[in-house]
Amino acid sequence: MKAQKLELLAPARDLAVGRTAILAGADAVYIGAPDFGARAAATNSIDDIASLCEYAHKFRVRVYVTMNTILFDDELERARQMVWQLWQAGVDALIVQDMAYLKMHLPPIALHASTQCNIDTPAKAKMLADAGFSQLVLPREFTLDEIKAARDAAGVPVEVFVHGALCVSYSGNCHAGCAAMGRSANRGNCPQMCRLPYDLVDAEGRQLMPRRHYLSLRDMRQIENLQALVDAGASSFKIEGRLKDARYVANVVRAYSQALDGIVAASNGTLSRSSCGSVDCNFVPDLAKTFNRQYTTYFLEGKPGVMASIDTPKWRGEEVGVAGSSYDVRSRSFRAILKSELSNGDGLGFFDKQGNYCGFRLNRVENSTLFPAVPLPELQKGTKIYRNNDKAFGDLLDGFGHLSSRRIAVNIRLRAIDEQHLVFAASDERGCGAEIVLDCDYSEARSPQAEQRAKLMGRLGDTIYSLSALDDSLDERFVPSSVLARGRRELLAMLDVSAQSAYRRDRRKPATESSNAFAGQRLDYHSNVANHLAKEFYTEHGAEVSEPAMEVKSVSKKEVMVMQTRYCLRRELGCCLKEKGASNLPQPLFLRNESGLYRLHFDCSRCGMDIFRCRI
């Protein structure tokens with residue numbers, strides 16, 4: 001039986017971070033196009049994307065490009081031309097949201113349905129697969145059972161987020177930034193409304209609880225649940241973070257790559273990684289030492305526990321001790337009772353009496369006395385101290401690219417044809433091979449040669465290869481070192497050419513959808529229809545588009561729903577309407593800050609929350 005391929009999909013802010021992800025063990029990377037990506041601050045040139053593809057494909061790592069914003073009519077032709085440029089650059093697939101791509105004349109490039117498509121039911125998963133998407137990015141909110149149901153209905157590979165930031169709203173259905181600030185998440189300009197502080201108020205405007213970050217979620221961490229996700233049918237495991245730096249990517253990718261290797265090793269051959277090459281790494285990954293707002297498994301196993309980071313949307317870090325004294329202005333220091341060793345240059349922080357997170361750099365540490373780089377008059381004895389920048393660990397990560405490697409295992413065979421010709425042959429773990437013949441006048445060796453030849457043929461440090469086995473049938477012939485070195489060099493160059501010519505990209509999945517897939521549906525601004533091609537797609541399949549995307553025409557209602565969430569603030573605060581704590585908070589509830597007033601509607605039938613922006 002053919003082994004099921006597992007794919008670890010890593011973010012690439014740019015070419016350098018993409019190479020870091022591959023070096024750390026990613027099976028695929030996703031990177032922003034020059035335009036039309038949902039992270040406007042993470043764009044890349046066609047040339048850089050082509051360079052990343054060339055490097056990635058050596059290890060059979062795939063490169064996916066994000067073009068997952070909604071498109072306006074005057075952008076359609078430019079987007080189409082960009083797709084052709086990306087195809088010529090070697091890109092393996094596009095991650096898109098807008099159905100207009102299904103109506104364009106495109107190269108046979110594979111299309112993946114972005115999480116912005118909001119695949120909220122198995123029926124929608126099947127519809128998108130039938131429409132021509134070859135991989136579906138499922139919502140972060142899905143449980144294991146929902147992942148399995150979507151995979152079974154769609155019949156194509158499904159991709160799930162396993163690590164990184166969480167959007168409080170279902171992706172693609174957050175209109176808060178567009179409504180409040182004119183900055184649209186569906187256009188790549190999310191202002192992160194969910195990370196802002198709000199007052200919790202009642203219908204009379206009275207403040208019920210202090211201003212806090214009530215919509216800011218913790219970060220996802222599913223490394224302990226990878227086997228369960230595999231069992232549920234997921235095959236692509238996505239790390240969020242297209243704005244993250246190389247340190248973050250190296251640490252997180254390495255941790256998840258090792259975890260997947262363990263799952264593959266225990267599968268008795270039923271599972272395999274989708275790329276090739278083994279990683280030699282200079283550090284032990286530690287997810288606690290990389291940016292996070294504390295971790296949650298979100299809804300994966302059903303009803304969750306605490307999932308919000310209400311106190312701060314920042315990274316508080318690991319708790320490393322408590323202040324043993326208040327800050328002393330004269331000595332510019334304070335004593336600490338530490339449970340972790342600190343280093344000069346560490347980034348530390350604490351919460352003051354008002355609940356604000358205060359970060360600072362540690363200039364130096366002498367035994368238990370800490371000398372911060374800035375005065376900390378608000379620091380009191382007994383305050384917990386956190387570290388969100390471990391300098392020693394960071395230094396290891398900074399050296400990752402120079403001190404680590406990823407190599408393809410290769411077998412080399414040496415044999416003589418006759419007294420003047422020597423054959424060098426190679427085969428590797430990618431299934432590629434090469435063979436060359438060199439002229440060589442042999443002479444009888446005066447001493448054993450096999451060990452010396454093995455040592456010389458194993459010198460592959462300046463290549464992507466490592467010698468797995470050497471089949472040397474030259475016996476005790478003497479072959480000059482210069483001939484062996486030349487043969488090794490030319491053989492591996494030929495193997496590179498063979499591997500490049502043998503690489504095959506996925507092709508666009510043919511559409512098989514029925515003409516009435518959307519029959520009877522009336523689509524409003526939540527469906528994000530922003531151009532005539534997307535409208536044609538939906539109407540051809542039975543839908544009525546009653547309202548365009550909010551980015552095209554603002555919604556003129558007294559209240560407009562700007563977020564739909566599975567997260568429930570009442571549940572998070574211990575005041576669930578179905579449980580005993582309901583009386584602790586009145587109905588209705590509102591969030592308020594400088595961006596506006598938002599009514600919270602609690603939909604107990606689905607155990608979720610809708611957020612409406614009120615026009616004042």
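Identify the residue in the stretch 439-455 that is of a type in the set (Ser, Thr, Tyr) and exposed (fewer than 14 other Cβ atoms within 10 Å of the Cβ) and, among all such residues, is nearest to VAL479 (Cα to Cα).
Taking the candidates together, the pick is SER443.
Looking for whichever is under 28 Å from ASN44 (Cβ atoms) and in a loop (DSSP other than H, G, I, E, B) here; the options are LEU260, LEU243. Which one fits?
Numbers: LEU260 fails: in a loop (DSSP other than H, G, I, E, B).
Of the residues listed, the single one that is under 28 Å from ASN44 (Cβ atoms) and in a loop (DSSP other than H, G, I, E, B) is LEU243.
Could you check the stretch 342-438 for strands (runs of 3 or more DSSP E) lying wholly inside it with 1 or more residues that are open to solvent by 70 Å² or more (accessible area, probe 1.4 Å)?
Because the criterion is at least 1 residues that are open to solvent by 70 Å² or more (accessible area, probe 1.4 Å), the strands (runs of 3 or more DSSP E) in the stretch 342-438 that meet it are 357-366, 384-389, 405-416.
Within the stretch 279-289, can you find the residues that are open to solvent by 20 Å² or more (accessible area, probe 1.4 Å) and out of contact with any strand residue (DSSP E or B) (no Cβ under 6 Å at 6 or more places or on another chain)?
Here is the first cut: in the stretch 279-289, the residues open to solvent by 20 Å² or more (accessible area, probe 1.4 Å) are 279-282, 284-286, 288-289.
Selection gives CYS281, ASN282, VAL284, PRO285, ASP286, LYS289.
Residue-by-condition table, conditions (1) assigned to a helix (DSSP H, G or I); (2) out of contact with any Gly (no Cβ under 7 Å at 6 or more places or on another chain); (3) more than 22 Å from ILE408 (Cα to Cα):
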| site | (1), (2), (3) |
| --- | --- |
| ALA10 | no, yes, no |
| GLY18 | yes, yes, no |
| LEU23 | yes, no, no |
| VAL29 | no, no, no |
| ALA40 | no, no, yes |
| THR43 | no, no, yes |
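All but one of (1) modelled with pLDDT of 90 or more; (2) not in a strand (DSSP E or B) hold for ALA469; which doesn't?
(2)
Kindly list, by first and then second residue, each pair from a residue in the stretch 390-405 that is at negative phi to a residue that is buried (at least 19 other Cβ atoms within 10 Å of the Cβ) and of a type in the set (Asp, Glu), limited to pairs with Cβ atoms under 8 Å and residues at least 6 apart or on different chains.
ASP390/ASP346; LYS391/ASP346
Identify, by number, the condition in (1) under 30 Å from GLY277 (Cβ atoms); (2) open to solvent by 30 Å² or more (accessible area, probe 1.4 Å); (3) among the aromatic types (Phe, Trp, Tyr) that TRP315 doesn't meet.
Answer for TRP315: the failing condition is (1).
Looking at the structure I just gave you, is GLN97 in contact (Cβ under 8 Å) with a residue 12 or more places away in the chain, open to solvent by 10 Å² or more (accessible area, probe 1.4 Å), in contact with a helix residue (DSSP H, G or I) (Cβ under 6 Å, 6 or more places away or on another chain) and within 28 Å of LEU166 (Cβ to Cβ)?
In short, yes.
So which residues in the stretch 475-504 are within 29 Å of the chain's Cα centre (by Cα) and open to solvent by less than 60 Å² (accessible area, probe 1.4 Å), if there are any at all?
The answer is ALA499, ALA502, TYR503.
I'd like the full set of residues that are aromatic (Phe, Trp, Tyr) and open to solvent by 10 Å² or more (accessible area, probe 1.4 Å), limited to the stretch 188-234.
none
What's the number of the only condition in (1) over 22 Å from GLN294 (Cα atoms); (2) without any contact (Cβ under 8 Å) to a residue 40 or more places away in the chain that LYS353 fails to meet?
Here LYS353 meets the rest and fails (1).
Among residues belonging to the stretch 100-113 that are under 22 Å from VAL29 (Cα atoms) and of a type in the set (Gly, Ala, Ser), point out the one that is surrounded by the most Cβ atoms within 10 Å (Cβ to Cβ).
ALA113
Within the set of pairs 6+ apart or on separate chains, which have a first residue in the stretch 27-49 that is on the phi < 0 side of the Ramachandran plot, a second that is modelled with pLDDT under 90 and assigned to a loop (DSSP other than H, G, I, E, B), and C-beta atoms under 6 Å apart?
If the second residue must be modelled with pLDDT under 90 and assigned to a loop (DSSP other than H, G, I, E, B), the pairs left are GLY32/ARG39; GLY32/ALA42.
Among the residues that make up the stretch 26-46, is at least one of them of a type in the set (Val, Ile, Thr), buried (at least 21 other Cβ atoms within 10 Å of the Cβ) and farther than 30 Å from GLU536 by Cβ?
yes
Kindly check whether there is at least one residue in the stretch 581-596 that is touching a Gly at 6+ places or on another chain (Cβ under 6 Å), within 27 Å of GLY182 (Cβ to Cβ) and open to solvent by 30 Å² or more (accessible area, probe 1.4 Å).
No, the conditions are met nowhere in the stretch 581-596.
Cβ-Cβ under 9 Å, sequence separation 6+ or interchain: first residue in the stretch 203-228 and more than 30 Å from GLN258 (Cβ to Cβ), partner among the aromatic types (Phe, Trp, Tyr). Which pairs?
Hits for this filter: ALA203/PHE590; GLY205/PHE590; ARG211/TYR198; ARG212/TYR198; HIS213/TYR198; TYR214/TYR198; LEU215/TYR198; LEU215/TYR567.
Looking at the stretch 485-520, which of the residues that are free of Cβ contacts under 8 Å to residues at least 60 places away in the same chain and part of a helix (DSSP H, G or I) is farthest from GLN420 (Cα to Cα)?
SER501
Name the single residue, out of those in the stretch 524-572 being part of a loop (DSSP other than H, G, I, E, B) and charged (D, E, K, R), that is surrounded by the most Cβ atoms within 10 Å (Cβ to Cβ).
If we take residues in the stretch 524-572 being part of a loop (DSSP other than H, G, I, E, B) and charged (D, E, K, R), then ARG566 is surrounded by the most Cβ atoms within 10 Å (Cβ to Cβ).
Filter the stretch 127-150 down to the residues that are within 19 Å of VAL96 (Cα to Cα) and open to solvent by 10 Å² or more (accessible area, probe 1.4 Å) and list them by number.
Correct list: MET127, ASP130, SER134, GLN135, PRO139, ARG140.
Go through the stretch 47-72 and count every residue that is within 22 Å of PHE133 (Cα to Cα) and open to solvent by 50 Å² or more (accessible area, probe 1.4 Å).
Of the residues in that region, 2 qualify.
Hey, among GLY433, GLY382, which residue is touching a Gly at 6+ places or on another chain (Cβ under 9 Å), over 17 Å from SER331 (Cβ atoms) and at pLDDT 95 or above?
GLY382
The values are calculated or read from the model by the stated rules, or taken from the named source; none is laboratory data. Only a predicted model underlies this, so the values are computations on that prediction, with no experimental measurement involved. Note: ideal-geometry Cβ built from the backbone for every residue, glycine included; neighbour counts use all protein chains shown. The accessibility values were calculated without ligands, DNA or RNA, using every heavy atom of the protein model including side chains. Shrake-Rupley method; radii C 1.70, N 1.55, O 1.52, S 1.80 Å.
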